1. Amide H of Ser240 versus every other amide H placed in the peptide plane: which residues, excluding those fewer than 5 positions away on the same chain, fall under 5 Å?
2. Which of Pro163, Ala95, Leu35 sits farthest toward the positive end of the charge dipole of the stretch 18-245, with +1 on the Cβ of Lys and Arg and -1 on the Cβ of Asp and Glu?
3. Using θ = phi - 60° and the Karplus curve 6.51 cos²θ - 1.76 cosθ + 1.60, what whole-Hz ³J(HN,Hα) does each residue of the stretch 103-108 get, with Gly and Pro shown as x?
4. Applying 1/(1 + (r/R0)^6) with R0 = 22 Å to the Cβ-Cβ distance of Arg139 and Glu169, what FRET efficiency is obtained, to the nearest 0.05?
5. Distance between Cα centroids, the stretch 185-209 to the stretch 121-176: provide it in whole Å.
6. Could you tell me the relative contact order of the chain? Use alpha-carbon pairs under 8 Å, at least six residues apart, and round to a whole percent.
7. Going toward the positive end of the dipole of the stretch 113-158, with +1 on Lys and Arg Cβ and -1 on Asp and Glu Cβ, which of Ser130, Val151, Ala119 do you reach last?
Amino acid sequence: MNPRTLHLDGMQFFGRLASEYRAMFGVDVRDLRGLRVLDCPGGPSSFTAEACAAGAHAVAVDPLYELDADQLRARGEADIQTTIAAMRANAGAFADMDIARYADEKRAAAQAFLADYPAGRAAGRYVAASLPSLPFPDRAFDRTFTAHLLVTYSDPASGGLLPGSPFTEQWHVDAVRELLRVTDGSLHLYPTTTRTEPARRHAYLERIVAELEAGGTWRCRYEPSTYQRGNAAQNLLNASLVIERRRGS
Ligand SMILES: C[S@@+](CC[C@H](N)C(=O)[O-])C[C@H]1O[C@@H](n2cnc3c(N)ncnc32)[C@H](O)[C@@H]1O
């Protein structure tokens, strides 16, 4: 196994388009019309803005939503530059990706997010909060999405990107429990694999899935994903994790 993969010095305020969420999760915003939707963390993703435009009742959560639009614009552009530089420095791990196009998509997402943010924040659509504690009642959302925080920012020893990560295995257990507490229908989590070469299913998730399946309330499955993770070795086992509430539970 090649241990040399992307590592990052800190959390990135870095967000994706709804089309990228569709690739990650296999869910189109048009399918969310009329549903209560949570995106946590939202970051500078345009998913919530695009889902609301498609008729969903969508809310995004991120600790950085305590900042205003100008602060987030500056932070977002700096983090795009940091992430893209780190990807170029590890180009072998991203051999199957067009990194310039990838950067363009992140800037387009940030632009659409920032266009919605001031009014959306005033309307309660962008909420400043941090996992593992969310300011919502039980079962407040039909669909919950969580992308590029769990697994991604775990410690490199577990297969994540962040040396000295505060996101331990117990934090992941608590975060998933909290996301499920506020979910009435299904929780969708991405990515599910490590940043090692070859990629493998992240061990924290495997243990969380085993515990949930044994509990009887939730059913878990991996849904194949078309979102590009990098090169062929990084795209192995590429899937989102879908955790659905069992009927009557
Ligand atoms: C890489 S972004 C992911 C955004 C989006 N989900 C996507 O996939 O494009 C990660 C986000 O996690 C946020 N974050 C950091 N700690 C968090 C926590 N404890 N709870 C929720 N979000 C957190 C960061 O502020 C950052 O915006």
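What follows is calculated from the coordinates using simple rules that are stated; it is not laboratory data. Note that the coordinates shown come from a computational prediction; the quantities given were computed from them, not determined experimentally. In this analysis, Cβ positions are derived from the backbone assuming ideal geometry, glycine residues included, and neighbour counts consider all displayed protein chains.
1. Residues meeting the amide H criterion: Glu223, Ser225.
2. Leu35
3. Coupling constants for the stretch 103-108: 5, 4, 5, 5, 5, 5 Hz.
4. That gives a FRET efficiency of 0.25.
5. Cα centroid of the stretch 185-209 versus Cα centroid of the stretch 121-176: 14 Å apart.
6. 23
7. Of Ser130, Val151, Ala119, it is Ala119.
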